[in-house]
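Novice: My questions all concern the structure below.
The values are calculated or read from the model by the stated rules, or taken from the named source; none is laboratory data. All figures in this text were calculated on a predicted structure; none of them were measured in a lab. Don't worry about glycine lacking a Cβ; one is built from the backbone with ideal geometry, like all the others, and counts go over all protein chains shown. Calculation scope for accessible area: heavy atoms of the full protein, side chains included, ligands and nucleic acids excluded. Shrake-Rupley method; radii C 1.70, N 1.55, O 1.52, S 1.80 Å.
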Amino acid sequence: MAKLSSEERAMFPLTDIRSVVKLFSTHLNRNKEPNLAILSIIVGHIENTLTCARATAAAQETTTLSSSSLPVDYDDCVTGGLQTDRYSDLNCTLPVVEYESVEALYHRFLAIIKAHVDVTAFGTPKYATRELVKRISDVVWCTLSSSYYKDRAHLQSIYSYMTGAKLDSSGTTLAVVAACQALGYNDVHLALSEDHTWVVFGECGQHTVEVTWHGKGNEDKRGIPVTEEVYSKSWLYVNGQPVICDRHMEVATIVSNMNPGISATTDSEEVMLLQQALLWSLYDAGHLAKYPMAIDNLGDLEEMMPTKGRQPATKMYEEAITSAVRYYENQHVYPYTYLGGYCYRNKLYKQALKYWAKAASVIKNYNYSRDDEEIYKEFLEIANELIPHIMRVVSSGISARSILKDPECFAYLIEFYDGICEWEEGSATPVLHIGWAKALFNTISKFDAHVRSHVKMICIDPDSADNGDLQDSVVEKAKAAAAEARTSQDQNGNMATDCINLTEEDIDPSEVMHRWPLVKLASAKMRGLRDLLLADKLNSQAISLQLTAQSQVTTKKRGGNELESPHPGRSKRTRRE
């Protein structure tokens, strides 16, 4: 593990974004083992000073916040408010970070770990063992304060650990990995799903171990391996396709997990600009190529504050999909919901429906469990809020050229619900309730029988080997989607005409009614609904009864508790509807 060199120490005090980016870049370029603890302390210090301190001040004062921390109106991110012609500023002033403060906190971290972990008691192994990692996680766990809520913001850095003895789930995992690094065990690395973190270790990273809890509860799982029995069909463990980090990707995790939130309605612009600049530095060095969530976070920042000369947000969202397909067998859901959310915010409603359908085509690979609360809320919001909003928008005014006249849009809706129903099948807990059924009926009733009749629905058995050509590879479909996303942008990265024109005013009904999209229904519920969906007159009661009927479930015991996102900076910025 590298300490800061004399040249790096000479860069202090850090006073602006440029100086922090320069320090990170220099440190990462020179070292295969960048010091996770020091880098986490630096960004944690900046983040906490700009968010927690401001939140306290705001609670005590009624004066208007300074322009550097104005509330961000996310509805205005595209059309106003935080204007898209406002570019990032590397000279933005930050709270001063002195080297002496960083060094003091770093040595305090080392003292805690080395005082409580005697590696000789474990035989001084060359590579980490389960018992050693468990001991380190016990030390971190037992030195945390018990008098705080672990799901609050800004608890993901070692700075928070050293100054307040507070860490959330992802912060605890990072502290364990940083502690192992401090003890000389460079084989211990982070494993990230879309909502959980654990550790891999061993000469080839072949072993796994839980080092934290998951969710709002305090039930820990420390020392338990993440076996196939645990991760199979589990979204919490992305079906055995997590992001396995190297040291530089762990630095990317530290940066990606930064949270600019001052309050529920206010973000720190400086934190966002710093995060954006650091992510671009890591992107340029190739450290985000296998990290879809970090790429999406960067795209999210670019959507709000584009950087001159950089790729647009749409390109980043597409890259995240490509990364998930190429490296993780298309087992990640969020890359599709990010792009779907972008299309929704920009009123590209047909494209939004398409990418939400593709998100559902990924979630159908899993069985729903109580660990899936975050992704459940994501799909519930799409089904019960965003899609109904689209239907209200396109139904008002002159609807002759609406997406409601497009059979492909109806097909996307059916694919979306088919994926949700298949997610429910084989699960110990039902997904769909009457709220889902009402939203489905209200949505499909907007499409008249003539439009619905143009969708060819084929029922297939997902467990049968006799479907032949009907069962296209999911990965191949995703590759085609990523290629389509690329071709829907012009040479400058802007959305191309064929994508932009999919708004209500631009659809030609004489053209779309020549389309006969094919939908392959794999879930038992949607297969049962097929004739009802194609009927001239929709039967609300029959559709509701079929959709909410209890699935045949198989109880399967899994590791895991409730919810804690390993990406604390994500939740506020990805639902900017």
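Novice: State to the nearest 20 debye the size of the charge dipole of the stretch 375-433 about its Cα centre, where the only charges are +1 on K and R beta carbons and -1 on D and E beta carbons. Can you show the working numbers first?
Specialist: Numbers: 4 positive and 10 negative charges, 89 e Å.
With only Lys, Arg, Asp and Glu charged at Cβ, the dipole is about 420 debye.
Novice: Right, here's the next one. With r defined as the distance between the Cβ atoms of GLU228 and ARG18 and R0 fixed at 60 Å, what FRET efficiency is calculated, to the nearest 0.05? If you can, show how the numbers build up before the last one.
Specialist: Working: r = 47 Å, r/R0 = 0.78.
Taking R0 as 60 Å, the efficiency between GLU228 and ARG18 is 0.80.
Novice: Per residue, how big is the convex hull of the stretch 89-130 when only Cα atoms are used? Give it in Å³. Before the final figure, lay out each step's value.
Specialist: Details: hull volume 6.3 nm³, N = 42.
Measuring per residue, one finds 149 Å³ for the Cα hull of the stretch 89-130.
Novice: Give the accessible surface of the stretch 295-385 per residue, rounded to a whole number of Å², with probe radius 1.4 Å and ligands, DNA and RNA excluded. Before the final figure, lay out each step's value.
Specialist: Numbers: 2320 Å² over 91 residues.
Result: 26 Å² per residue.
Novice: Given the pairs LYS233/LYS377; LYS438/LYS537; LYS377/LYS456; LYS290/LYS315, which are separated by over 22 angstrom at their Cα positions? Present the calculation step by step, with values, prior to reporting the outcome.
Specialist: Numbers: LYS233/LYS377 19 Å; LYS438/LYS537 16 Å; LYS377/LYS456 30 Å; LYS290/LYS315 16 Å.
From LYS233/LYS377; LYS438/LYS537; LYS377/LYS456; LYS290/LYS315, over 22 Å: LYS377/LYS456.
Novice: Over what distance in Å are the Cα centres of the stretch 182-203 and the stretch 416-437 separated?
Specialist: 34 Å
Novice: Quantify, in whole percent, the carbon and sulfur part of the accessible surface of the stretch 278-361 (1.4 Å probe; protein heavy atoms only).
Specialist: Numbers: 920 of 2040 Å².
Here carbon and sulfur together make up 45 percent of the probe-accessible area.
Novice: Still on this model: Could you provide, to the nearest whole Å², the per residue accessible area of the stretch 178-260 with probe 1.4 Å? All intermediate terms of the calculation are to be shown ahead of the outcome.
Specialist: Details: 2300 Å² over 83 residues.
Dividing the accessible area of the stretch 178-260 by its residue count gives 28 Å².
Novice: Would you mind telling me the share, in percent, of accessible area of the stretch 411-462 contributed by carbon and sulfur at probe 1.4 angstrom? Kindly include the intermediate steps, with their values, before the conclusion.
Specialist: Details: 940 of 1700 Å².
In the stretch 411-462, the share of accessible area belonging to carbon and sulfur is 55 percent.
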